[in-house]
Amino acid sequence: MKKEVSVKKIGAVVLGTVLYVCSVNWFITPLGLYSGGVVGLSQLLRTLFFSGWEYDAAGIINFFLNVPLFILAFRSLNRRILVGTAASLLIQAVCFTLIPIPSVPLLNDMLASIIVGAIMGGIGCGIVLTNGASAGGLDLLGVYLAQKKSNFSVGRLSLLFNGVLYAFCAIRFDLSTALYSAIYSVVYSFTIDKYHYQNIEVQMMIFTRHPEIKNDILHTYVRGVTCWKAIGAYTGKDTEVLVTVVDKSQVQRIKNDIMEMDPAAFIIVSEGLNVYGGYQKRLN
């Protein structure tokens, strides 16, 4: 299905981006810790080479580091995701520079500050990804790789990259900085994977007597369907059993379509799948 850029989706991208930037500037930077991915690398370069600037240079560094990744996206991904990504990167550059960083942490407890910041940032980036865009950096690369490999997740790439980043922090600064930053990264990555519905495969098993339902899934959502004939044990009547795998963002719309065509349909939805073979992720 072809999806167009809409004001609502761009608004969601803006909201998600601002949420992510606020999580870093308000909860992570005051602790002297480092975010993950390209933003974390930008913060590290800021600390090493631009710490004397009046404004936080991490946003500007992040923007320029994302240029080659944006070129990769331009050649490889749908144009709609590029519009959202460009908007997100520009907003990040502005917000990282202008949103004030508290001189003292907002929360007295360091671990609480890390967890709140990680969940807030993960939700923000999840909103961006779910609305057909990317926050740039590893999110952008992760979306590209997820299309190429069916068992790939955006959060997994983040964990691998951050392992190298935080190992350097442990050597250059101290072990506690690296460990607390790593805790942030882990919680942030898992939050993204849980919120990024297009990266979650869901099985739907549908019991119905209306054959048009499988045609709707095949043609409207362009998802494969396996079907077989069955007999209801209680009613003794013929019924059709449909099995399909879709991404989580499609489930509610498919359920609504089914209920319109067959209010008596029985639907089972199962998550936590490992899907191999011809299943196609549609992250953009």
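Sequence-ordered 3J(HN,Hα) estimates for the range 84-96 from the Karplus curve with 6.51, -1.76 and 1.60 and θ = phi - 60° stand at x, 5, 4, 5, 5, 5, 5, 5, 4, 4, 6, 5, 4 Hz, glycine and proline given as x. The charge dipole of the range 154-244, taken about the Cα centre with unit charges on the Cβ atoms of Lys, Arg (+1) and Asp, Glu (-1), comes to about 80 debye, rounded to the nearest 20. Across the range 7-198, counting alpha-carbon atoms alone, Rg and Dmax equal 15.4, 46 Å. Residues Arg46, Arg209 in ascending order of nearby Cβ atoms (within 10 Å, fewest first): Arg209, Arg46. Taking 10 °C and 1.306 mPa s as conditions, the range 201-270 diffuses translationally at an estimated 131 µm²/s according to Stokes-Einstein applied to its Kirkwood radius (Cα pairs).
In this Cβ point-charge picture (+1 for Lys and Arg, -1 for Asp and Glu), the range 201-270 has a dipole of about 120 debye about its Cα centre. Semi-axes of the equivalent ellipsoid of the range 91-137 are 23, 16, 6 Å, computed as sqrt(5λ) over the eigenvalues of the C-alpha gyration tensor in descending order.
Shown for Met120, Met261: other C-beta atoms within 10 Å of each C-beta, ranked fewest to most, produce the order Met261, Met120. What net charge is computed for the residues neighbouring Pro30, neighbours being all others with C-beta under 15 Å from the C-beta of Pro30, Lys and Arg scored +1, Asp and Glu -1? Around Pro30, the charge tally is -1. Each Lys or Arg adds one and each Asp or Glu subtracts one; over the other residues with Cβ under 10 Å from the Cβ of Thr244, this totals +2.
Length available on full extension from Asn215 to Arg253: 0.36 nm per residue minus the Cα-Cα distance, which gives 12.2 nm.
Put in line by how crowded their Cβ is, counting other Cβ atoms within 10 Å and starting with the fewest, Tyr188, Tyr221 read Tyr221, Tyr188. In this structure the amide hydrogen of Glu201, modeled in the peptide plane, comes within under 5 Å of the amide hydrogens of Leu273, none closer than 5 places in sequence on its chain. Using θ = phi - 60° in the Karplus curve 6.51 cos²θ - 1.76 cosθ + 1.60, the 3J(HN,Hα) couplings for the range 178-189 round to 5, 5, 5, 5, 5, 4, 4, 4, 5, 5, 4, 5 Hz; x is entered for Gly and Pro. Residue-wise HN-Hα couplings along the range 121-136, as the Karplus relation 6.51 cos²θ - 1.76 cosθ + 1.60 with θ = phi - 60° gives them from phi, are x, x, 5, x, 5, x, 4, 4, 5, 5, 9, x, 9, 8, 7, x Hz; Gly and Pro carry x.
Taking amide H atoms as placed 1.01 Å from N in the peptide plane, the amide H of Thr239 lies under 5 Å from those of Ala230, Ile231, Gly232, each 5 or more residues away in sequence or on another chain.
Read-outs throughout are calculated quantities, based only on the coordinates presented, and are distinct from any laboratory measurement. Since we're looking at a predicted model, the values are computed, not measured. Virtual Cβ from ideal backbone geometry, glycine too; neighbours counted across all protein chains shown.
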